[in-house]
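The structure appears below as structure tokens.
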Amino acid sequence: MPKCPNCQKEVYFAEKVTSLGKDWHRPCLKCEKCKKTLSAGGHAEHEGKPYCNKPCYAALFGPGGKNVLLKSFPGSSVCESHTSILMSKL
């Protein structure tokens, strides 16, 4: 029985989601930065860990480094769960 890379508990067929070549519990597949629950294939990866495509991955690892979205899209709207992450980088 495979173990979830996040919680290290066994993952049963009925509760699994496969992403990054591993089986996860659905609620355990979360962005490493903001902890938002992600869907399989709907996220970015860095060093084997899942991240939201925008803004977390882009802000941390994208071209331009930190605050790339704020620099690239001034005045753009950001969902509530990511506002504090972006503002903490200022």
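Please treat every number below as a calculation from the coordinates, not as lab data. Just so you know, these numbers come straight off a predicted model, no measurement behind them. Neighbour counts are summed over all protein chains in view; Cβ atoms, including those assigned to glycine, are modelled from backbone coordinates with ideal geometry.
Okay, here's what the table says:
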read-out: Any pair with Cβ under 7 angstrom, 6 or more apart, that starts in region 10-30 at a residue that is of a type in the set (Gly, Ala, Ser) and ends at one that is in a loop (DSSP other than H, G, I, E, B); value: Ser19/Leu29; Ser19/Ala40; Ser19/Gly41
read-out: In region 1-57, the residues that are touching a Ser or Thr at 6+ places or on another chain (Cβ under 9 Å) and among the acidic types (Asp, Glu); value: Glu45
